[in-house]
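The values are calculated or read from the model by the stated rules, or taken from the named source; none is laboratory data. Quick caveat: nothing in here was measured; it's all calculated off a predicted structure. Cβ atoms come from the backbone with ideal geometry, glycine included; neighbour counts cover every protein chain shown. Side chains are part of the model used for accessible areas, which takes the heavy atoms of the whole protein and leaves out ligands, DNA and RNA. Shrake-Rupley method; radii C 1.70, N 1.55, O 1.52, S 1.80 Å.
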Amino acid sequence: GQQLNQSPQSMFIQEGEDVSMNCTSSSIFNTWLWYKQDPGEGPVLLIALYKAGELTSNGRLTAQFGITRKDSFLNISASIPSDVGIYFCAGPRGAQKLVFGQGTRLTINP
Amino acid sequence: SAVISQKPSRDICQRGTSLTIQCQVDSQVTMMFWYRQQPGQSLTLIATANQGSEATYESGFVIDKFPISRPNLTFSTLTVSNMSPEDSSIYLCSVEGGKGSTEAFFGQGTRLTVV
């Protein structure tokens, strides 16, 4: 079945640094979604990508849909303490079901 | 986006017992989904719940263990039956972002600990 490989699994950075994480798939996706999960909460949708090559921003977040349709990356610029959490990529697997990457746990040192 | 409320937010249960988790949405949705997130892991789809029909379960999940109800377009329940410590997880309710939309929105989750 479809699997998403997300890396890195964890990141430890200083406040103010930029962050980059990516997701790859063994098969083609028509949509890429990026979510963030805070402790004790459900995932919250950050960015949705629908077109190969698409580059979309949401504040300090930027995500791109890879040209091959098998990968996507998420960048966070000038990180702040509230960026701490787990970031998941996700893609559709059949009728509106989603498959998720393993997650990237972001820790920020002030 | 829809507002999704789950109850309880957390519980500690004895092994062998069952827990029913409720999910309430503030708008009518066709499809509702139940996910499991084991400690430190990603999200795995348990089943899809459509109103008026039986839930569709993913490989590795069965109705006897995770019975689901979907009595109307704004509500669903997931029961975790005959619990064991391996069932300790976060259980998440999710709804589609709109008719035909790939995007999904999540409740805050139910953190279950089985002792």
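Quick notes on this structure:
- Scope the stretch B:85-99; condition outside any helix (DSSP H, G or I) and under 17 Å from the mean Cα position of the chain (by Cα); matching residues: B:Ser88, B:Ser89, B:Ile90, B:Tyr91, B:Leu92, B:Cys93, B:Ser94, B:Val95, B:Glu96, B:Gly97
- Annotation note: of A:Ser25, A:Ser10, A:Ser82, the sole residue that is touching a residue at least 60 places away in the same chain (Cβ under 8 Å), of a type in the set (Ser, Thr, Tyr) and under 30 Å from B:Ser9 (Cα atoms) is A:Ser10.
- Every residue from the stretch A:68-81 that is over 18 Å from A:Gly101 (Cβ atoms), open to solvent by 10 Å² or more (accessible area, probe 1.4 Å) and either touching a strand residue (DSSP E or B) at 6+ places or on another chain (Cβ under 7 Å) or modelled with pLDDT under 95 (or both): A:Pro81
- Checked against (1) at pLDDT 95 or above; (2) open to solvent by less than 80 Å² (accessible area, probe 1.4 Å); (3) at the interface with chain B (Cβ under 10 Å from one of its Cβ atoms), A:Arg105 meets all criteria but (2).
- Leading residue by the ranking (nearest to the other protein chains (Cβ to nearest Cβ)) among those in the stretch B:89-115 that are within 16 Å of A:Val99 (Cα to Cα) and of a type in the set (Ser, Thr, Tyr): B:Thr102
- Selection within the stretch A:10-30 - in a loop (DSSP other than H, G, I, E, B) and not hydroxyl-bearing (Ser, Thr, Tyr): A:Glu15, A:Gly16, A:Glu17, A:Asp18, A:Ile28, A:Phe29, A:Asn30
- Per-region count, the stretch A:56-86, residues part of a strand (DSSP E or B) and away from chain B (no Cβ under 11 Å): 15
- Single condition B:Thr102 does not satisfy, out of (1) under 18 Å from A:Val44 (Cα atoms); (2) open to solvent by 20 Å² or more (accessible area, probe 1.4 Å); (3) in a strand (DSSP E or B): (3)
- Residue match in the stretch B:47-60 (condition: in a loop (DSSP other than H, G, I, E, B), of a type outside the set (Val, Ile, Thr) and open to solvent by less than 10 Å² (accessible area, probe 1.4 Å)): no
- Selection within the stretch B:22-39: residues that are under 17 Å from A:Gly40 (Cα atoms) and facing chain A (nearest Cβ under 9 Å). The member of this set that is surrounded by the fewest Cβ atoms within 10 Å (Cβ to Cβ) is B:Gln37.
- Only one of B:Gly109, B:Gly97 that is within 28 Å of A:Tyr50 (Cβ to Cβ) and either at pLDDT 95 or above or in contact with a helix residue (DSSP H, G or I) (Cβ under 8 Å, 6 or more places away or on another chain) (or both): B:Gly109
- Leading residue by the ranking (farthest from B:Ala55 (Cα to Cα)) among those in the stretch A:82-102 that are among the β-branched types (Val, Ile, Thr) and modelled with pLDDT of 95 or more: A:Val84
- Applying the set (1) more than 19 Å from A:Pro8 (Cβ to Cβ); (2) away from every other protein chain (no Cβ under 14 Å); (3) surrounded by 13 or more Cβ atoms within 10 Å (Cβ to Cβ); (4) in contact (Cβ under 8 Å) with a residue 40 or more places away in the chain to A:Arg93 leaves exactly one unmet item: (2).
- Taking the criterion of being in contact with a Lys or Arg (Cβ under 8 Å, 6 or more places away or on another chain) and open to solvent by less than 80 Å² (accessible area, probe 1.4 Å), the residues of the stretch A:7-62 that qualify are A:Ser10, A:Met11, A:Thr24, A:Ser25, A:Ser27, A:Phe29, A:Gly40, A:Pro43, A:Leu46, A:Ala52.
- Output for the stretch B:49-88, where each listed residue is within 13 Å of another protein chain (Cβ to nearest Cβ) and at positive phi: B:Gly60
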